[in-house]
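This report concerns only the one structure given below.
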Amino acid sequence: MKEKENKIGKVVLWIVLIAVAAIQLFPLIWLVDFSLGSSNEMFTNGLLIIPEKIRWDNYVKAFVDGNFLHYLRNSILINTLAVILVVIISIMAAFACQRMKWKLNGFVSTLLVLGMMIPIHATLLPNYKIYSALHLTDTVWALLIPYVAFSMPQGMFLMTGFIQALPKELEEAAVMDGCGIYRIVFQIVTPLLKPSIATVAIMTFLNNWNEFMMASTYLSTPTWKTLPFSVLEFTGEYSSNYAVQFAVMALTAAPAVIVYVILNKHITKGVAMGAVKG
Amino acid sequence: MKKLYSNKPVIFSLVLPGILVFLFAVLAPICLSVYYGFTDYSGMGEAHLVGFDNYVKLVHDSAFGRSLLNSLFLAIGFICIQHPIAIIVAAVLDKLQGKAEGVFRCIYFIPNVISVAVIAYLWKFIYNPDFGLLNNVLSAFGYQGKINWLSQQNAIWSVLVVLIWHGFGWGMLIYYTGIKNIDPVLYEAASIDGAGWWTTFFRITLPLMKPVIQINVTMAIISALKQMETVYLLTNGGPNNSTQFAANYLYQQAFKAFKYGYGNAIGVVFIIICILATVTLNTIFRDKQKA
């Protein structure tokens with residue numbers, strides 16, 4: 001009796017998991033499937049198609065006309081810089097607020113974390129004015145500054161928690177040996193924070209990699225535009241060629257999905273650590 | 001040690017970059033918004049101070065009211081639909097051992113790493129009345145009508161579905177982490193006492209997950225308030241403001257309707273609402289935890 005119940009339970013368990021997986025994945029399978037056909041084949045009644053001829057040239061068009069490489073390069077460059085800056089700035093500030101002795105440490109720490117509550121999109125209008133006045137629109141700074149600013153509070157919050165958990169003895173020993181503060185921060189504390197740095201880096205990347213609202217507000221020329229723009233700008237050009245549009249969407253999604261699948265264990269861990277604390 | 005750790009110039013140099021970023025990218029724009037919120041600035045020409053006119057207008061603006069109601073609708077949708085499924089899936093996944101556990105966890109999170117730009121366009125195609133996936137699925141089940149998923153009645157539900165689909169992995173992952181942190185000894189004890197799956201779930205898993213549920217609920221409400229990007233591309237607030245959200249509305253007012261001053265007034269109110277919501281939720285949950 002008990003065994004039978006167990007078996008039924010197992011079956012139900014698998015059905016639930018597979019059903020949810022199907023819902024999560026099917027739209028993406030549909031996307032890739034239709035991206036390999038021709039536009040006329042979309043008007044079928046079936047759910048998926050078997051393309052008469054697999055049209056890789058859809059992807060060639062998407063790759064070339066979607067400016068894929070250029071936008072990918074920008075995305076990688078801007079996001080890497082943002083991650084490095086967020087990590088360095090938040091380690092420095094968190095160390096100063098958490099470990100060092102001064103009156104305003106609590107106040108500054110709260111102030112910097114407070115940014116988490118501010119909705120990014122409310123700053124789109126005033127920031128546009130500020131960047132125009134300072135001639136920062138269409139430069140890399142127009143993306144880098146807000147990306148750093150809106151990931152820093154979370155980075156600061158996480159780093160404060162992680163630094164708090166470090167034992168003080170190491171620093172005390174370093175002071176005995178005559179280390180200055182800067183060496184303590186960058187040569188003693190930072191290496192100990194490696195897993196935490198990974199968490200902050202992953203959260204920052206996830207926050208900013210797919211961002212396009214600020215990019216489309218502050219940038220008008222393609223010089224610094226990022227990956228989402230291959231989709232945003234492409235749809236007008238090929239408005240009637242749906243299959244090529246599908247190809248450009250699949251292509252744009254590909255880098256993040258591939259990196260995620262390869263690093264999924266680390267990313268999952270990082271997100272779990274970051275989100276539960278944040 | 002003490003002297004070294006209270007060296008003012010060193011402290012200053014360490015916090016300076018953070019403070020500069022905060023002043024320039026967070027505080028300055030907010031101050032500028034407060035100023036422009038009191039003007040009739042259109043985006044070009046001169047700005048005239050008009051006192052509280054914009055705010056008075058905002059109180060009577062039905063589109064803004066609709067935006068807030070839509071955020072409430074999304075929040076309720078997340079909490080009543082997405083989260084129960086996410087908790088159950090997380091609990092089921094936890095029972096699974098071995099490779100399959102990792103594979104499923106990975107699959108559920110994939111939509112989350114894809115850009116909203118792709119997601120919004122993809123779902124536009126899925127909702128397409130002529131060749132969209134959704135109507136094709138219905139016709140596979142024998143329904144022959146062509147439903148317009150983005151019509152005034154349906155659009156807000158369609159937006160909710162996209163957001164639930166896109167964010168599911170995130171919510172699931174956090175619940176999953178919470179469940180993994182539960183001491184397995186408790187499950188063993190329950191199983192010795194003869195408790196079934198449902199009893200264990202309701203008596204052990206759910207009560208111990210309370211702090212995680214509180215975090216997730218807070219995040220759901222805040223993200224419902226801050227919603228903009230998906231709606232901007234999927235419906236742009238339409239038809240007829242039926243899927244309007246505060247962030248999208250202020251953007252439209254400033255850059256499409258050339259009411260830059262009014263847009264900033266919306267921004268100021270929007271920031272206040274977000275701060276109040278965060279503080280209120282944190283206070284409620286903190287008090288409960290103490291009690």
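The values are calculated or read from the model by the stated rules, or taken from the named source; none is laboratory data. Given the structure is predicted, the values throughout are model-derived calculations rather than measurements. Here the Cβ positions follow ideal geometry from the backbone for every residue, glycine too, while neighbour counts run over all protein chains shown.
Of note:
- The number of residues in the stretch A:142-183 being facing chain B (nearest Cβ under 10 Å), surrounded by fewer than 17 Cβ atoms within 10 Å (Cβ to Cβ) and part of a helix (DSSP H, G or I) comes to 3.
- So A:Thr139, is it hydroxyl-bearing (Ser, Thr, Tyr) and free of Cβ contacts under 8 Å to residues at least 40 places away in the same chain: no
- Candidate set: the stretch B:211-262, residues that are part of a helix (DSSP H, G or I) and under 20 Å from B:Lys124 (Cα atoms); chosen: the one farthest from the other protein chains (Cβ to nearest Cβ): B:Leu234
- Candidate set from the stretch A:219-260 (those that are among the aromatic types (Phe, Trp, Tyr) and farther than 16 Å from A:Asn79 by Cβ); member that is farthest from the other protein chains (Cβ to nearest Cβ): A:Tyr238
- Residue check, B:Gly196 assigned by TED's automatic domain parsing to the domain that holds B:Ile179 and at positive phi: no
- Residues considered: B:Val34, B:Val89, B:Val137, B:Val116. Of these, the only one that is out of contact with any helix residue (DSSP H, G or I) (no Cβ under 8 Å at 6 or more places or on another chain) and either surrounded by 14 or more Cβ atoms within 10 Å (Cβ to Cβ) or not hydroxyl-bearing (Ser, Thr, Tyr) (or both) is B:Val137.
- Residue list for the stretch A:88-112, restricted to those being assigned to a loop (DSSP other than H, G, I, E, B) and either of a type in the set (Lys, Arg) or surrounded by 16 or more Cβ atoms within 10 Å (Cβ to Cβ) (or both): A:Met100, A:Lys101, A:Trp102, A:Lys103
- The stretch A:215-278 holds helices (runs of 4 or more DSSP H) entirely within its bounds, and those carrying 1 or more residues that are closer than 19 Å to A:Ala62 by Cα map to A:228-237, A:242-262.
- Here is the figure for the stretch B:103-112: residues that are facing chain A (nearest Cβ under 7 Å) and either of a type outside the set (Phe, Trp, Tyr) or on the phi > 0 side of the Ramachandran plot (or both) total 5.
- Of all residues in the stretch B:113-160, those satisfying the criterion of being more than 10 Å from every other protein chain (Cβ to nearest Cβ) and assigned to a helix (DSSP H, G or I) are B:Leu138, B:Ala155, B:Ile156, B:Trp157, B:Ser158, B:Val159, B:Leu160.
- Checklist (1) away from chain A (no Cβ under 12 Å); (2) within 21 Å of A:Ala253 (Cβ to Cβ); (3) not acidic (Asp, Glu) applied to B:Gly167, failing item: (1)
- Among the residues making up the stretch A:118-136, those that are among the β-branched types (Val, Ile, Thr) and either under 13 Å from B:Tyr36 (Cα atoms) or over 22 Å from the mean Cα position of the chain (by Cα) (or both) are A:Thr123, A:Ile130.
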